[in-house]
1. Roughly to the nearest percent, how much of the accessible area of the range 79-123 is carbon and sulfur, given a 1.4 Å probe?
2. At 7 Å along Cα-to-Cβ for each site, give me the label-to-label distance between residue 396 and residue 280 in nm.
3. Order of 242-248, 290-296 by packing, highest average Cβ count within 10 Å first?
4. Ranked from highest to lowest mean number of other Cβ atoms within 10 Å per residue, what is the order of the peptides 219-227, 177-185, 364-372?
5. Sort 111-124, 40-53 by the packing proxy (mean of other Cβ within 10 Å over each peptide's residues), most packed first.
6. Per-residue HN-Hα couplings for the range 36-49, Karplus 6.51 cos²θ - 1.76 cosθ + 1.60 at θ = phi - 60°, whole Hz, x for Gly and Pro?
7. Give me the one-decimal Kirkwood hydrodynamic radius in Å for the range 95-253, with the sum taken over alpha-carbon pairs.
8. State the three equivalent ellipsoid semi-axes of the range 176-304, derived from the C-alpha gyration tensor as the square roots of 5 times its eigenvalues, in descending order and whole Å.
Amino acid sequence: MFSGGWVWGCNFSHFAQGILCYLFSLFPLQGIFVLGLPYALLHSGYSGLLLIVLAAALCCYTGKILIACLYEENENGQLIRVRDTYEDIANACCKKLSPNLGGMVVNVTQVVELIMTCVLYLVVSGNLLSHSFPYVPVTEKTWSVFAFVTLLPCIFIRTLKIVSKLSQLCSLVHFVIIFVVITYCLTQMHQWSWAKFRLSLEFEDFLVSVGVIIFSYTSQIFLPTLEGNMKNPGEFRCMLNWTHFFACILKTTFALTAFLTWGEKTKEVISDNLPSFLETLVNLCLLAKALLSYPLPFFAATEIVYSCISKDNHSNYRSPLLALTVRGSFLLLTLLMAMFTPHFALLMGLSGSVTGAAMTFFLPSFFHLKLKWKKLSFLEKCADISVFILGFLCSLAGIVCSIKGLLEVFGGV
């Protein structure tokens, strides 16, 4: 499919396949959240553009150090892969306290992040249906219920094969949608003005924007599996550089062109700003993408739960009734959360601040420091400590501000 050759030290054939694998695997998880980036720029101004670039660089770095934690040197100084998952890394760091403590913390964090992702897909689906059919006297919550009904077959998904096919379709639809929106925005270049960017910022709104931007890059939970399945794992770092570079360019271009087009009128989901002749079409495409993306985080979350159950009671792990119960419970939980928190940007900001910052920033840096302390240079230690502190502060501040925003929406304060 690809010709041979070398690009920045990478065999191009393997490198290109790695790029495509990464994009097809992760766009179903991240792609829909790109829609919130123009809204994030509305509240963060020029600093938002810097944040998109900075987040890409930091996420790329933490991805590399996370994979480094999978390896140890043997007696000959060769790197040997001694761990397979994020859970294994956590357990290795916390084995003196408890053999399974680190893994439990990571698994809980991953499940929360994946559930929040599923919830956001339902919230987006309700919003898209509501704006696509405004003449139908149905609320967004009711539309979310209709979307939920179409997802009931997820209970019967047993293998990753079906999820993989849906993910590939989602990725293709994603690129088409982004292309359509950017093309329309380019036709409105005569309306663009850099004066639309804010010079003064509201601190709380800015922190919510940080959470939105962070969530659009989260992918660390999939990296150990992806690296382990590469034909040439040695090219992983090169592949990670290029994918984050492409993602940064795409997200910056999309967010910038959309915000310059609509300015202060930018809405939480950017498709709501499109003219009616495009809005319905794009919304229906986004709806299909959101619904087809749902099985990936749903399947990943249930597999984590199954894996934990199998360690304690292997006989029940194979029970079809238990499988249906767990999947049905997960489905119902995401519906209930979508019904009570139907605010896309605030919910995405909260999720990004809580689990995104943890899995993307301070956990990888903490694990790297813990496992590689004696072998790290002074600058590497400073870099890891800086990322850890930054991730912790962003997470803490984002949690407070996002929760306060949700309470204000519901009239709690």
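The values are calculated or read from the model by the stated rules, or taken from the named source; none is laboratory data. Keep in mind that this is a model prediction, so the values were computed, not measured. Glycine also receives a Cβ, built like all others from the backbone with ideal geometry; neighbour counts cover every protein chain displayed. Heads up: the accessible areas ignore ligands, DNA and RNA and are worked out on the full protein's heavy atoms, side chains in. Shrake-Rupley method; radii C 1.70, N 1.55, O 1.52, S 1.80 Å.
1. Taking all protein chains in place, the range 79-123 shows 65 percent carbon and sulfur surface.
2. Distance between the two pseudo-spin positions: 5.1 nm.
3. For the peptides 242-248, 290-296, the packing ranking is 290-296, 242-248.
4. Per-residue mean Cβ counts within 10 Å order the peptides as 364-372, 219-227, 177-185.
5. Peptide ranking by packing, descending: 111-124, 40-53.
6. Karplus-based 3J(HN,Hα) across the range 36-49 equals x, 5, x, 5, 5, 5, 4, 9, 10, x, 4, 5, x, 5 Hz.
7. That comes to 20.1 Å for the range 95-253.
8. After diagonalising the Cα gyration tensor, the semi-axes are 31, 19, 16 Å.
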